[in-house]
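*Asks:* Pasting in a structure now, in structure tokens, and then I'll have a few things to ask.
The values are calculated or read from the model by the stated rules, or taken from the named source; none is laboratory data. All figures in this text were calculated on a predicted structure; none of them were measured in a lab. Backbone-built Cβ (ideal geometry, glycine too); neighbour counts: all protein chains shown. In case anyone asks, the SASA skips ligands and DNA or RNA and just uses the protein heavy atoms, side chains included. Shrake-Rupley method; radii C 1.70, N 1.55, O 1.52, S 1.80 Å.
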Amino acid sequence: MEPENVVTHNIWLRDHCRCPKCFHAVTKQRIFNTFDIPRDIAPMSVNAKPSGLEVVWPDKVSHVSFYPWTWLQENSYDPPLNQHKPYNEKILWGSKIQKSPPTITYEEVMAEDQQGLYKWLLNIHKFGFSFVSGVPATPEATEELAKKIGFIRETQYGKFWDFTADLAKGDTAYTTLALGAHTDNTYFSDPCGLQLFHLLSHTDGTGGATLLVDGFYAASILKELHPEAHHLLSTIPVPAHAAGEQDALYTPSPQTGYPVLGHNTVTGELRQVRWNNDDRSVMKDLSADVVEKWYDAIRQWNKTITSSDSEYWVQLQPGTAVVIDNHRVMHGRSAFEGKRRMCGAYIGMDEYKSKLAVLSERFNPDKVVSQARKGAGDETVVNGRSIWNCAL
Ligand SMILES: C[N+](C)(C)CCCC[C@H](N)C(=O)O
Ligand SMILES: O=C(O)CCC(=O)C(=O)O
Ligand SMILES: [Fe+2]
């Protein structure tokens, strides 16, 4: 269906020609020089065809471009027609999620047809975490499960981790201490995207329960009830470090760090929570007049994320893994005694999003958000009426 009154600019249209001469059919990369387009380019002719718009340009050899209506609909910027698609909604949650936490079986996820894998990733996209039940309680099966999403992200802690409280690595995760709700890797410029945990065993002691908190839910409450605190957490950068390994000293670039609540600079939407009070470095860039207000703000934040309404405590069991969106959901654990063996891995955010996009292309083609692969020839038959009005 042709979008009505969509306006585009000549230079924009020419730059986005998707014919095989301008857009590599295999690599999906632009293969012509944008800067050869004359600033005042105008078409020689424009034709509204049933499945899209055909434009003839006065290039050296008159160049014909074709823009499927659906492609123009997806990419219209004036007006932006698809900015906030209702599809793929995130569902914020508090402690009541314990009634029916998102979960899927290992068998479904590992199935050849990848439908289960897609369902698992949709769970993570919607809720920021998902359990996987029926996982063989071995590091090998857990690693294989992680790799269904994408390659594992290696860090100073290794690739696939299998750890206990033996300080094998210089971090309190390798102790029996309680860990408050946090996101990992605040000392990296780009914290890992997903974090997968699978408790393999816990003997001779109790404790070590897992805590999950939806940082997006907590931020929405803070914004509503304590806007000043929300503003400070959205603007004051927080430095962090990982300095427990002799041969590693990580701090983010810029070293001043990033705000606790990171927002999309175009849409203003919350896009990342970065919070780990234990890994936070010296706050040496606070201005004197902000110090007390900032501490009040993080106190309010802490009160929100440690409230009974926000905290979801769950005792992991061998056989049930949990994967967490480390840009949204915080995790923690209670102190414990005895021998506790946990394994898991980090997956990069881009690897996770890529797998979700590829599976969406396959299982939900009409809802695919990414336009990267839509090129000329993706003609979709539409009921052709030339109601098209573009300023060409
Ligand atoms: C590798 N493993 C996940 C076991 C723990 C790594 C240490 C986590 C670190 N304190 C942070 O919050 O990033
Ligand atoms: O031991 C746990 O349950 C999790 C510890 C932790 O926060 C981590 O490994 O990142
Ligand atoms: Fe952690």
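*Asks:* Using the per-residue mean of other Cβ atoms lying within 10 Å as a proxy for protection, in what order, highest first, do the peptides 199-210, 277-288 fall?
*Replies:* Peptide ranking by packing, descending: 199-210, 277-288.
*Asks:* With every protein chain present, what accessible area does ILE347 have (1.4 Å probe, heavy atoms only), rounded to the nearest 10 Å²?
*Replies:* 0
*Asks:* So, one more: Let me check I've understood the local charge: for GLN156, count other residues with C-beta under 10 angstrom from its C-beta, Lys and Arg +1, Asp and Glu -1. What total comes out?
*Replies:* Once all neighbours under 10 Å are counted, the net charge is -3.
*Asks:* Report Rg(Cα)/(2.2 N^0.38 Å) for the chain, keeping two decimals.
*Replies:* Ratio of Cα Rg to 2.2 N^0.38 Å: 1.17.
*Asks:* Quick query: amide H of SER130 versus all other amide H atoms, modeled in the peptide plane; which residues come in under 5 Å with a sequence gap of 5 or more or a different chain?
*Replies:* Distant-sequence amide H within range of SER130: VAL323.
*Asks:* Using Cα pairs under 8 angstrom and six or more residues apart, how large is the relative contact order of the chain, in percent?
*Replies:* The value is 29 percent.
*Asks:* For region 128-141, what does the Karplus curve 6.51 cos²θ - 1.76 cosθ + 1.60, with θ = phi - 60°, yield as ³J(HN,Hα) per residue in whole Hz, taken in order and with x for Gly and Pro?
*Replies:* x, 6, 6, 8, 10, 9, x, 7, x, 7, 9, x, 5, 5
*Asks:* For the chain, what does -39500 (n - 2.57) per DSSP helix run (n ≥ 4), summed and divided by total residues, give at 222 nm, in deg cm²/dmol to the nearest 500?
*Replies:* It comes out at -6500 deg cm²/dmol, rounded to the nearest 500.
*Asks:* Per q in 0.13, 0.18 Å⁻¹, report the Debye log10 I(q)/I(0) for region 1-144, using one uniform scatterer on each alpha carbon and no solvent.
*Replies:* -0.77, -1.02
*Asks:* HN-Hα J couplings of region 95-108 from phi, Karplus 6.51/-1.76/1.60, θ = phi - 60°, integer Hz, Gly and Pro as x?
*Replies:* 4, 5, 4, 4, 5, 8, x, x, 8, 8, 8, 4, 4, 4
*Asks:* Can you give the relative contact order of region 1-143 as a percent, counting alpha carbon pairs under 8 Å and 6+ residues apart?
*Replies:* Over region 1-143, the number comes to 17 percent.
*Asks:* Projected area of region 123-197, taken from the Cα convex hull and averaged over every viewing direction, in nm²?
*Replies:* 6.1
*Asks:* Something else: Against the longest principal axis of the chain, how steep is helix 215-225, in degrees 0 to 90 to the nearest 10, with axes from Cα atoms?
*Replies:* Orientation of helix 215-225: about 90 degrees from the principal axis.
*Asks:* Taking the square root of 5 times each eigenvalue of the Cα gyration tensor, what semi-axes in Å does the equivalent ellipsoid of region 245-285 have, largest first?
*Replies:* For region 245-285, the ellipsoid semi-axes come out as 24, 11, 10 Å.
*Asks:* Could I ask something else about it? When the chain is treated as a GNM, springs tying every alpha-carbon pair under 10 Å, which of HIS226, HIS263, HIS16 comes out with the largest mean-square fluctuation?
*Replies:* Ranking HIS226, HIS263, HIS16 by mean-square fluctuation puts HIS16 first.
*Asks:* For the full complex of protein chains and a 1.4 angstrom probe, list ARG153, ARG274, ARG299, ARG39 by accessible area with the highest value first.
*Replies:* Values: ARG153 55, ARG274 25, ARG299 165, ARG39 215 Å².
The ordering from most to least exposed comes out as ARG39, ARG299, ARG153, ARG274.
*Asks:* A further question follows. Using modelled backbone amide H atoms (1.01 Å from N, in-plane), which distant-in-sequence or interchain residues come within less than 5 Å of ARG153's amide H?
*Replies:* TYR346, ILE347, GLY348
*Asks:* Could I ask something else about it? How about region 69-161: which chymotrypsin sites (Phe, Trp or Tyr not before Pro) there lie in a loop by DSSP and see at most 10 other Cβ atoms within 10 Å?
*Replies:* Listed in order of number, the matching sites amount to none.
*Asks:* Roughly how many Å² is the accessible area per residue of the chain, as a whole number, for a 1.4 Å probe?
*Replies:* With the other protein chains kept in place, the chain gives 49 Å² per residue.
*Asks:* Of the listed pairs LYS96/LYS148; LYS169/LYS339; LYS28/LYS49, which have alpha-carbon separations greater than 21 Å here?
*Replies:* LYS96/LYS148; LYS28/LYS49
*Asks:* Taking the Cα centre of each part, how many Å lie between region 4-49 and region 273-316?
*Replies:* For region 4-49 versus region 273-316, the Cα centre distance is 49 Å.
*Asks:* Under a 10 Å cutoff between Cα atoms, tell me which one of ALA111, ALA218, ALA181 has the largest fluctuation in the Gaussian network model of the chain.
*Replies:* Evaluated over the chain, the most mobile residue of the options is ALA111.
*Asks:* Under 1.5 on a/c is rounded, so check that first for region 165-250, then, if it is not, pick prolate when a/b is larger than b/c and oblate when it is not; a ≥ b ≥ c are the square roots of the alpha carbon gyration tensor eigenvalues.
*Replies:* Here region 165-250 falls in the oblate category.
*Asks:* Relative to the longest principal axis of the chain, what angle (0 to 90°, nearest 10) does the C-alpha long axis of helix 291-305 take?
*Replies:* Result, in degrees: 90.
*Asks:* Now, a different point. With everything on Cα atoms, drop me the angle between helix 115-127 and the longest principal axis of the chain, reported from 0 to 90° to the nearest 10.
*Replies:* With both axes taken from Cα atoms, the answer is about 70 degrees.
*Asks:* Based on DSSP loop calls and a cut-off of at most 12 other Cβ atoms within 10 Å, the longest stretch of the chain free of exposed GluC sites (Glu not before Pro) is what?
*Replies:* After excluding every exposed loop site, the longest remaining stretch is 270-392.
*Asks:* Here is a follow-up. With the Cα gyration tensor of region 205-257 giving a ≥ b ≥ c as the square roots of its eigenvalues, does the rule (a/c under 1.5 for rounded; else a/b larger than b/c for prolate; else oblate) give rounded, prolate or oblate?
*Replies:* Working: a/c = 4.06, a/b = 1.21, b/c = 3.36.
Oblate shape, in that a/c is at least 1.5 and b/c is the bigger or equal ratio.
*Asks:* Here's a follow-up. What residues have an amide H closer than 5 Å to that of LEU53, excluding those fewer than 5 places away on the same chain, when H is modeled at 1.01 Å from N in the peptide plane?
*Replies:* Answer set, sorted by chain and number: TYR67, TRP69.
*Asks:* Which percent of the Cα-Cα distances in region 293-364 go past 20 Å? Display every interim value, and only then the final one.
*Replies:* Numbers: 1443 of 2556 pairs.
More than 20 Å apart: 56 percent of the Cα pairs in region 293-364.
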